[in-house]
Structure formats: C-alpha cells, structure tokens
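Encoded as structure tokens, the structure appears first; notes follow it.
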2 protein chains.
Amino acid sequence: MLFYKSRLVNFINSARFFTQTVHELIYREHGNPTEVLNLSSKELEVDTLEKQQVLVKWLASPVNPADINQIQGAYPIKPPNLPAVGGNEGCAQVIKAGSDVTEFRENDLVIPANAGLGTWCSHGIYDSKELFPIEGDVKDYMFLSMIQVNPSTAYRMLKDFVNLSSGDIVVQNGANSSVGHFVIQICRILGIQTINVVRDRPEIEQLKSQLKKDGADEVYTEDEFSTLYRTKEFKAKLALNCVGGKSGRHLSLALESGGTMVTYGGMSVSPVQVATSSLIFFNTKSVGFWISKWNGIKQNREERINMYRELIGWYKNGNLTLPKYQRRSFEEYKEAINQSTQTDPLTIKSKQIFTKKGNHHYFD
Amino acid sequence: MLFYKSRLVNFINSARFFTQTVHELIYREHGNPTEVLNLSSKELEVDTLEKQQVLVKWLASPVNPADINQIQGAYPIKPPNLPAVGGNEGCAQVIKAGSDVTEFRENDLVIPANAGLGTWCSHGIYDSKELFPIEGDVKDYMFLSMIQVNPSTAYRMLKDFVNLSSGDIVVQNGANSSVGHFVIQICRILGIQTINVVRDRPEIEQLKSQLKKDGADEVYTEDEFSTLYRTKEFKAKLALNCVGGKSGRHLSLALESGGTMVTYGGMSVSPVQVATSSLIFFNTKSVGFWISKWNGIKQNREERINMYRELIGWYKNGNLTLPKYQRRSFEEYKEAINQSTQTDPLTIKSKQIFTKKGNHHYFD
C-alpha cells in the first residue's frame, strides 16, 4: 500500500538511473496531523536536473511545534499548494547538482534556506537558492538537522536585543525546552548568568540537577518563581518567554529598568501578560522573535553563516550538546507527532527526529 | 478648627508682611486619601526669601489618578518626608522672586518642573529649579494647570514612538479619558486617523457623538471592538493603551506589522495582555510611557518648552479644548477624591481641579 511502486519498477528505474523512489509524509488538507498526514512514495526524475537544481538526500528532519501548526493550518507560513510535504527543517546531503550550481558540490551537507521547504521526505530536487550551505568538514547531521531553528533562536535572542556582557543576567521560562537548553549552554559559554523557570513535575529535582549540569545558575518552578519575584530583585537585562500568560508577567517583573522581554513561543496558549508597572515605571519593553522570518531576510545571510560557524565550533568542542531526542522512521510518524504534541507537563519530551533508524531503505 | 490661626494673628502678620497663611491638603501617613488627607493651615515666612527661592500662589491644581496612588503609597514617586502636601500638577503665579532668580518675574505663570512638588495648597516657596516657565502671554490657568500631564502624555506618545504622517492610523482604548481627549484632538490637527475604544454605557451614543465631534474617526465599545478586530484589518501604526487586560490584547491585534503599543495606564487593574502572534509573527512591540519620568530628564527641557509652545498655540486657536472638568474648593476634597476614584464605568467623570470657587480666600 504505502510503497505503490513494485520492486520490479524500482529495479528498472535503478538500472536506467532515470528515477529515484522518494518517500514522503504529505498532507492533502489542513487538519489534525495524525489524520491528514500520509506516508507515500513517488518516482522522481533525477537525470534531467535543470542548471540551477540540486538533488539531495535528507539525512535527518526534526518535528517542531511550528510544523504541527502549519499542518493544522494555524501558522502564518502556509504551503503554496496542497498536497504538501510536512516539515520545515532538516539536514540533507547533495547527490547531484545542475551545471550552473556553484555553491554546492556532491556530498556537501545543506539545510533549507527558508521555512516551508517540506523536509519530511527522503529525497528532493530544489532550486539551489532554496538550500543553505554548511561550511567546512562537519559530519554530525543530527546537530545540523536542528541548527536552523532551536540553537539559532537562542543565539539570536541573546545577541540582537540587548547588549549582554559577562555577569549579566538572563531569565527564561520553559527552560527545559530545546531552545531553553541552548540558551543555558550559550550563556554559560559567554559568562552570562541564567535564571531558569520550569513547570513543576514529580522528577523536578532531577530536572533541576540536569539544567544546572548544563550551566543553569538558578532553577525555579513556576510556583516558586511566582512568589520569589515579589521579594527578590532579579535585575535581569533580558527575559526570554515561550510560555505567555502569567508566567510572562512574572518574567517581566524580574527585568531591571530598561530591560527587554522577548517572546518566541506561547506554550500556555494564553496571551502574553506584561506587568503594567514594568512597562510604565521601569521602561521595559516586550517584543517578539521569529527565527523563520529572520532566516528569510536576505541581508542576514552573512550573519547567518557566521552564526552557524560559531554554533558548530561550540558543538565540536563539546560546549553545546544536543537536547534529548528520539530517532523516528517515517513509518512512526503518528508516534512522533503524538510525542511532539504531548502537553502533559510531567513528561520530559524528547525532540522527535525523522532519520535513519535500523535498516530503513529510504535513508540509504 | 481648620484654620487654627486666628483672624487676629492673620491681621498682625498681614500688617507686618512677615507671613502668608497657607492652606494645604496634607497627609501624615499613606492610606485611603479620604481618610489620611486633612485640610490644614500654617503661616509661611515670606519676607526672607533666599536668593534662588520663589514665592508663588497656586491658581489651579488638578486631581490625577497618580496623586491618589501616591497618597496610597502605591506609586513609585514618594514624598521625601511625611507629612506631605498632595498633588503633583498645577499652575501658579509668581508673587515674589529671590535676588538671584532670573527665570521668573512677578506675575509669571509657572508649573512644577517635576512631579512630587505638592500642589494642593494655596501658596508655597520653592527653589527656582523646582518650577518650570510658561512662555508668553498666557492667561488661561485652567489649561496650564493640566498641561504637564494629560496633553503632554498625548503629545509625546504621538511623537516619540513611531513616525506618524497624515493618513496614518492610531488606535486607543479609554478614549474618553482626559489623555484620550487630547489624543483625538491632536490627531485631528495632524491629519492622523483615530480608532477609539470606550467602555459601554447607557449614554453610549451621546459619548460617540461627542468624541466624533472632537475629531474621532471611529468609536467602538470594548464589546464591539472585541469582535471587530477578528474580521477587520485595522492596520494601526500605533496603539495607546490605558486599560490593560484583554482590551490591550485587542489593541495589539489591530496593529499593522511592525507597529507599537504604548501603555500609559492600567485602568482595568489587570496586567497588559499582548497577543503572542502579534509579537512573534507581526513583529510588534509593547512599551510603556510615563510623562513624570520624561519631564524629569534634563535633556528634554528644550523639547518640553517647544511642546508647551505648540500645545498652547493649539489651545489659543481653538483646536484643543479642555476636557470636562469640575472646579473644587479644598474644603470639597473628599468629594473631589471620590469623584476621581469613581470606577463606575457608566459615569462620565469630570476632571477634578482645586481652584478658586466662589469666595474662597485662599486663592485671592
């Protein structure tokens, strides 16, 4: 059913080098991803690349909350047409490049230039402008598959809103999210202190220890923090908010005069709250950040290359580690989606990544 | 009781020109203003002015919400010592100036340089630095008495946060507040469109007509607006929020991409809400504004003089009108406070101003 091409056809195609069997998670309409997604296959003509085209093999493609929202139809980035392939992020290897392509050579690792490419598939042919180069001799495609969203979001929020120096304080909620994980580690590298807020859970002490091991200076539950901000002056220069609701308000009250709160997510599905006194009397501001938009701005290309160079350097020397993740085959897409949309706060979620797992032929 | 100096003493003082009887609304402790405020009198030595000192007679002093909060002890500006005189704003006439005072001459009209002066009194001696000059031949002390807070707040919010040009759109809630009144009128002068949100009330049509007469382009109740923002793209460049709560969220959703929401009050006593999507996907920002802080910044002096010149010009040529107000004597302070703290949304409040009313000797 799923692989409608017979082995015979694959054999013939393979012998002629005309087509490549592509496995892909596609949706024909917006809706609940576990209902509207389907794993299907098709044959892709691969020996007639146009001059600017590149044929790639996807090595790993994460599942991000934005991917889920996009399939639901509740995300500002929508596929130009349906059916569409799910997924916005991933790492691919160049198989073949058209005659006019100068940026990429065979075996180079690449990532999407922008969100919206459709990365939950085994292979694809793209215009070279749709792909972004990864410099140098990097082999770890698991890290590269997620570099475009989580570490980049953490990096840019720490670099682009306030001038942070060693000793400065950053406060964040959702500190055990993937972005939170990178915020803690990048701050440790830069000598910036982090105050981290997480939801309460049975294994809270274990989580606190883990975050401190990663470099967190202080870790509080939402409840602890909702009392503490009244008595303790946190004097944070920057607050990073991915929760919203009253959690955002408590962060705003931990800001020093003139500080900035950056919202990059809304896990609580409640509007961001900001303390009126923080805005009026302490001249703080509240802004938003969206890495997909930042990546799409042409003028950021040079800065983006520099950022990847620095992030990869930190990863290579062991200062950045991967967040907890789980390898998934495309066949397991329902489990991957369910795990990603799991809202039980008591579960430490693993990032779900579609990638080679066992002997799955589509990644060979 | 209230005037403990006898007529005889006043007569003697008056004959000697040594002292001036001062009537003042003072509080000895923080608390509910109608309980902790008292009208009292004292004799002020007036013939021994120091070189930099100025003796003034207060002509009119409004009651602002901040004055109430300050007496309650819930305001960031606190009197240096208790007992203290209430009030932060007003217009006074110079009676006599010390030998080194060059900025002010007898009969000049002045206003406080900063908040915290204590303006609910009949006379006072101040260092010349504590007073701010009003240029030119201005006689209307009722307008001047309120120029420091409401029209200035409206003016600065329209000038300092986004670049507004003729045809641009500003959306505001609390549109029938005193600041809202000036926002509508200044926008009309500058050719800027205003979308105005007010709380529902029985005489809503009357209020809508009044605001439209003042120059409002569109007027909606909170309820009307809470539905409209879903279907209509308001494309406001600037949102002015003095309510907070979900009203703020609706304003944030009426902003165009890159727009700014300025919070200057929190009438609902709920934290400001901002739509997460507005911050993240539409790159809006949420900031605060506090005119008392702005007035206190030395570098703003020149700009402040220019602002008053422009506001007074508009007032003189009839483009700015006073908001609805009510004259009050100091004896009526409980009524004035009660009227100012009235939270019944169905009442159109009048701004309360302590000033000459009938034959009250303290303003003669």
Can you count the Lys pairs in region B:149-292 with C-alpha separation below 21 Å, eight or more apart or on different chains?
14
Add +1 for every Lys or Arg and -1 for every Asp or Glu among the other residues with Cβ under 11 Å from the Cβ of A:Gln52, and state the total.
-3
Could you run the Debye sum over the Cα atoms of the protein assembly as shown, one equal point scatterer each and no solvent, and tell me log10 of I(q)/I(0) at q = 0.12 Å⁻¹, two decimals?
-1.26
C-alpha center-to-center spacing [region A:300-340, region B:54-91] in angstrom:
57 Å
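What size of dipole, in debye to the nearest 20, comes out for region B:80-189 about its Cα centre when the only charges are +1 on Lys and Arg C-beta atoms and -1 on Asp and Glu C-beta atoms?
Working: 7 positive and 12 negative charges, 61 e Å.
The dipole magnitude comes to about 300 debye.
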DSSP loop (so not H, G, I, E, B), at most 15 other Cβ within 10 Å: list which trypsin sites (Lys or Arg not before Pro) in region B:251-324 pass both filters.
B:Lys324
Suppose a student asked you for the relative contact order of chain B, using Cα pairs under 8 Å spaced at least 6 residues apart; what percent would you report?
15 percent
Charges only on Cβ, +1 for Lys and Arg, -1 for Asp and Glu: so what's the dipole of chain A about the Cα centre, in debye to the nearest 20?
220 debye
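Are there trypsin sites (Lys or Arg not before Pro) in region A:111-157 that DSSP puts in a loop and that have at most 11 other Cβ atoms within 10 Å, and which ones?
Working: sites: A:Lys129, A:Lys139, A:Arg156; in loops: A:Lys139.
Listed in order of number, the matching sites are A:Lys139.
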Using the 7 Å Cα-to-Cβ label point, sort the distances from B:Thr34 to its equivalents in the other copies shortest first and give them in nm to one decimal.
5.9
Among A:Glu89, A:Glu203, A:Glu24, which one shows the highest mean-square fluctuation when chain A is modelled as a Gaussian network with alpha-carbon springs under 10 Å?
A:Glu203
Quick one: 3J(HN,Hα) in Hz for region B:21-35, Karplus 6.51/-1.76/1.60 with θ = phi - 60°, rounded, Gly and Pro as x.
6, 10, 9, 8, 9, 10, 10, 9, 8, 6, x, 4, x, 5, 9
Need one value for A:283-294: mean number of C-beta atoms belonging to other chains within 10 Å of its residues' C-beta atoms.
5
Rounding to the nearest 10 and keeping the result within 0 to 90°, find how far the Cα-based axis of helix B:204-214 lies from the longest principal axis of chain B.
80 degrees
Go through A:Gly215, A:Gln20, A:Asn114 and say which Cα lies farthest out towards the positive end of the charge dipole of chain A; charges sit on Cβ, +1 for Lys and Arg, -1 for Asp and Glu.
A:Gly215
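Could you tell me which chymotrypsin sites (Phe, Trp or Tyr not before Pro) in region A:54-134 are loop residues by DSSP with no more than 10 other beta carbons within 10 angstrom of their beta carbon?
On the way: sites: A:Trp58, A:Phe104, A:Trp120, A:Tyr126; in loops: A:Phe104, A:Trp120.
Counting only loop positions with at most 10 other Cβ atoms within 10 Å, none of the chymotrypsin sites (Phe, Trp or Tyr not before Pro) in region A:54-134 qualifies.
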Is the shape of chain B rounded, prolate or oblate, going by the alpha carbon gyration tensor and its root eigenvalues a ≥ b ≥ c, with a/c under 1.5 for rounded and a/b larger than b/c for prolate?
prolate
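Using the Cα centre as the reference, give the magnitude of the dipole from point charges on the C-beta atoms of region A:208-364 (Lys, Arg: +1; Asp, Glu: -1; all else neutral), rounded to the nearest 20 debye.
On the way: 24 positive and 16 negative charges, 64 e Å.
Charge dipole, region A:208-364, about its Cα centre: 300 debye, nearest 20.
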Computed over chain A: longest principal axis from alpha-carbon atoms vs helix A:150-160 long axis, angle to nearest 10 degrees, is 50 degrees
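Could you line up B:Thr355, B:Thr341 from fewest to most neighbouring Cβ atoms inside 10 Å? Please report the intermediate quantities before stating the final value.
Values: B:Thr355 23, B:Thr341 16.
Fewest-to-most Cβ neighbours within 10 Å comes out as B:Thr341, B:Thr355.
Under 1.5 on a/c is rounded, so check that first for region A:29-72, then, if it is not, pick prolate when a/b is larger than b/c and oblate when it is not; a ≥ b ≥ c are the square roots of the alpha carbon gyration tensor eigenvalues. Could you put the intermediate results ahead of the total?
Values: a/c = 2.66, a/b = 2.02, b/c = 1.32.
Prolate is the answer for region A:29-72, as a/c is 1.5 or above and a/b outweighs b/c.
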Multiplying the sequence separation of B:Lys246 and B:Asp100 by 0.36 nm and subtracting their Cα-Cα distance, what value in nm do you get?
47.2 nm
Projecting each Cα onto the charge dipole of the protein assembly as shown (Lys/Arg +1, Asp/Glu -1 at the beta carbon, about the Cα centre), which of B:Cys91, A:Cys187, B:Asn176 comes out farthest on the positive side?
B:Asn176
A:Arg309-A:Asp47 pseudo-label distance in nm [points 7 Å out on the Cα-to-Cβ vector]
4.1 nm
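Quick check: from the Cα gyration tensor, does region A:219-266 come out rounded (a/c under 1.5), prolate or oblate? Numbers along the way, then the final one.
Details: a/c = 2.07, a/b = 1.08, b/c = 1.92.
Note, shape of region A:219-266 comes out oblate.
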For the Cα atoms of chain B, what angle does the longest principal axis make with the long axis of helix B:178-190, in degrees from 0 to 90, nearest 10?
60 degrees
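No lab work stands behind these numbers, since they all come straight from the coordinates. If you're wondering where the values come from, they're calculated on a predicted model, not measured in any experiment. We place every Cβ from the backbone using ideal geometry, glycine too, and count neighbours over all the protein chains shown.
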